[in-house]
Amino acid sequence: VLTALDDRGREALARNRAIIDRLARIDGLAEGAAPKGSVTIPVPGGAFALPLQGVIDFASEKARLSKTLEKLDKDIGGLKGRLGNPKFVASAPEEVVEAVGDRLLLNFELVNDSPRLDGVETLAVALFRRFNLFDRAMISSFNPRVLWAVRRQEPRITLGALWGSFSPWYLRADWWRRRARVEALHPEYTLVTPAFVARAHAQGRRVHTWTVNDAETAARLRAMGVDMIMGDYPDRLMGHRQPPPGRPG
């Protein structure tokens with residue numbers, strides 16, 4: 001339901017209506033007040049409402065989310081405690097860096113499903129500065145706010161934007177990746193096409209895809225020009241480590 005939209009927004013909606021309907025998987029768009037039990041989706045110049053009454057049991061969902069938040073708060077507290085321990089910070093990352101050396105690119109994925117920052121991004125920035133990881137490590141995340149925060153705090157860190165086929169349509173769009181000025185795109189491998197890779201390379205971005213666990217898919221992606229393939233079984237992918245055509249290793 002379209003609840004409010006200025007003239008500029010209406011023009012943009014008219015131009016992109018077909019692709020919006022397809023990406024948002026909607027059959028129609030009404031205009032009016034937000035129905036009871038709707039979720040408001042703010043956009044520049046207006047807002048939409050997604051009716052969920054009868055689709056979601058709000059009481060059960062609220063209880064589930066509260067339980068999840070409690071667990072996340074506990075996990076975050078434990079992580080902050082470990083990262084706040086000088087002995088842990090001094091030993092664990094150093095051992096990983098020394099073991100890897102300059103042979104591999106370290107990718108630190110920062111997991112945060114909340115719209116609120118939890119401070120882990122600041123600890124990660126401190127880790128990069130402490131061990132001077134700028135040339136041999138990067139930070140990736142599904143959360144735009146995490147990457148924006150890292151970019152503001154330390155522009156020297158290489159960033160990778162993660163998204164998958166399950167991501168909401170507004171996170172599959174490129175607007176937040178442009179804002180974060182990411183150097184690498186990390187889409188789920190099912191979303192990668194030759195045109196996508198060519199466009200990314202033309203923009204000066206690398207393409208790192210996940211999660212690939214078979215040699216045939218890895219070979220197909222390398223033929224497209226994908227720069228890095230992430231999987232659970234590296235031994236299955238070892239035969240496809242050669243640089244993609246026309247790209248350095």
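Using only the C-alpha atoms of segment 143-231, find the volume of their convex hull and express it per residue in Å³. Walk me through the numbers before you get to the answer.
Working: hull volume 8.1 nm³, N = 89.
In segment 143-231, the Cα convex hull volume per residue is 91 Å³.
Work out how much length Ala59 to Asp6 would gain on full extension: take 0.36 nm times their residue separation and subtract the Cα-Cα distance, in nm to one decimal.
Numbers: separation 53, 0.36 × 53 = 19.08 nm, distance 3.43 nm.
Here the segment from Ala59 to Asp6 would lengthen by 15.6 nm.
Points 7 angstrom from Cα along the Cβ direction at Arg172 and Lys36: gap in nanometres?
Between Arg172 and Lys36, the simple spin-label model gives 3.3 nm.
Report the calculated FRET efficiency for Arg181 and Asp232 (r = Cβ-Cβ distance, R0 = 25 Å), to the nearest 0.05.
Working: r = 30 Å, r/R0 = 1.20.
The value I calculate is 0.25.
When the label point is put 7 Å from the Cα of Ala47 along its Cα-to-beta-carbon vector, which residues of segment 20-36 have a backbone N closer than 16 Å?
Counting backbone N atoms under 16 Å from the label point, the list is 31-36.
If you average the C-alpha positions of segment 149-172 and of segment 1-31 separately, how far apart do those two centres end up, in angstrom?
Computed from Cα coordinates, the inter-centre distance equals 25 Å.
Taking amide H positions as placed in the peptide plane 1.01 Å from N, state which residues far from Met138 in sequence (5 or more) or on other chains have amide H under 5 Å from it.
Leu106, Asn107, Phe108
May I ask for the net charge around Gly37, where only other residues with Cβ less than 12 Å from the Cβ of Gly37 are counted and Lys, Arg are +1 while Asp, Glu are -1? Don't skip to the answer; put the middle values down first.
Values: positive: Lys36; negative: Asp57, Glu61.
Summing Lys and Arg as +1 and Asp and Glu as -1 gives -1.
Grab the other residues whose beta carbon is less than 13 angstrom from that of Arg116, score K and R as +1, D and E as -1, and report the net.
Working: positive: Arg145; negative: Asp73, Asp113, Asp118, Glu121.
Spelling it out: positives minus negatives among the neighbours equals -3.
Bear in mind these aren't lab numbers, they're just calculated from the coordinates by the rules spelled out. This is a predicted model, so every value here is computed, not measured. All Cβ positions, even for glycine, are placed from backbone atoms using ideal geometry, and neighbour counts span all protein chains on display.
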